[in-house]
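Notes for the one structure printed next.
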């Protein structure tokens with residue numbers, strides 16, 4: 001089981017929030033590196049600017065690269081180095097200063113993976129952020145589903161333009177999440193790490209109705225669907241179902 005399935009990237013969590021969400025009684029959650037019992041997850045709690053009484057590890061996050069110092073003793077270094085082999089995820093909770101967020105919270109930055117580290121202690125690690133949304137950019141079948149009911153070069157060009165706009169797709173998933181908005185399926189919960197972050201994006205208004213490029217609002221014009229629901233929406237190419245119509249069919 002992966003803890004990331006129950007967290008929202010960009011949200012701020014205090015340690016007490018995490019204790020409540022994951023029913024944690026282990027005092028070692030107060031450490032900088034923590035493995036919650038029952039989850040294939042490693043949590044890193046990082047404060048970039050340490051108070052003067054703390055060991056002055058060099059930690060900073062720049063774009064999708066985290067430079068992070070391991071423990072002086074190196075006790076948990078192998079957790080990080082071997083996380084892929086052990087099928088563990090690395091989750092990063094980050095703040096610039098102790099007081100950056102209310103109640104000493106941390107911003108959940110998402111999942112990271114080990115890239116390299118130095119040989120001396122404390123080891124200087126480089127971790128790279130895993131972009132789950134990149135899976136969506138490769139979802140060619142979803143693109144085909146949006147395009148197949150359209151006719152003519154004009155609508156095909158528009159379909160390609162909008163559906164392949166990765167910024168729109170990523171924003172839609174950031175807003176709506178990765179749980180199907182019709183049946184409630186989460187690929188991460190159903191298939192574990194193999195399915196994490198996967199979902200398909202659907203345009204509420206058929207792309208064939210656009211006569212010219214228009215501004216798409218990911219919040220109101222796009223929804224996220226599992227593969228089954230997406231296919232059912234487009235089963236009859238001449239008349240795709242609305243989201244409400246598909247929900248009604250499932251409830252029958």
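Values computed for the structure shown
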read-out: Calculated FRET efficiency for the pair residue 63/residue 221, C-beta based, R₀ 30 Å, to 0.05; value: 0.55
read-out: Förster radius 41 Å - calculated FRET efficiency between residue 248 and residue 17 (Cβ-Cβ, nearest 0.05); value: 0.65
read-out: Extension gain from residue 52 to residue 1, taking 0.36 nm per residue of separation minus the Cα-Cα distance; value: 14.6 nm
read-out: Model label zone, residue 114; criterion: amide N under 15 Å from point 7 Å along Cα-to-beta-carbon; scope segment 55-77; value: 68-71, 74-77
read-out: Length released on extending from residue 194 to residue 87, taking residue separation times 0.36 nm less the Cα-Cα span; value: 37.5 nm
read-out: Separation in nanometres of the label points that stand 7 Å from Cα toward Cβ, at residue 128 and residue 175; value: 3.0 nm
read-out: In range of the label at residue 31: residues from segment 93-117 whose backbone nitrogen is under 18 Å from the point 7 Å along Cα→Cβ; value: 93
read-out: Alpha carbon centroid spacing (whole Å) that separates segment 178-208 from segment 32-106; value: 30 Å
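Values in this text are rule-based calculations from the coordinates and carry no lab data. Bear in mind the structure is a predicted one, so any value in this text is a computation, not a measurement. In this analysis, Cβ positions are derived from the backbone assuming ideal geometry, glycine residues included, and neighbour counts consider all displayed protein chains.
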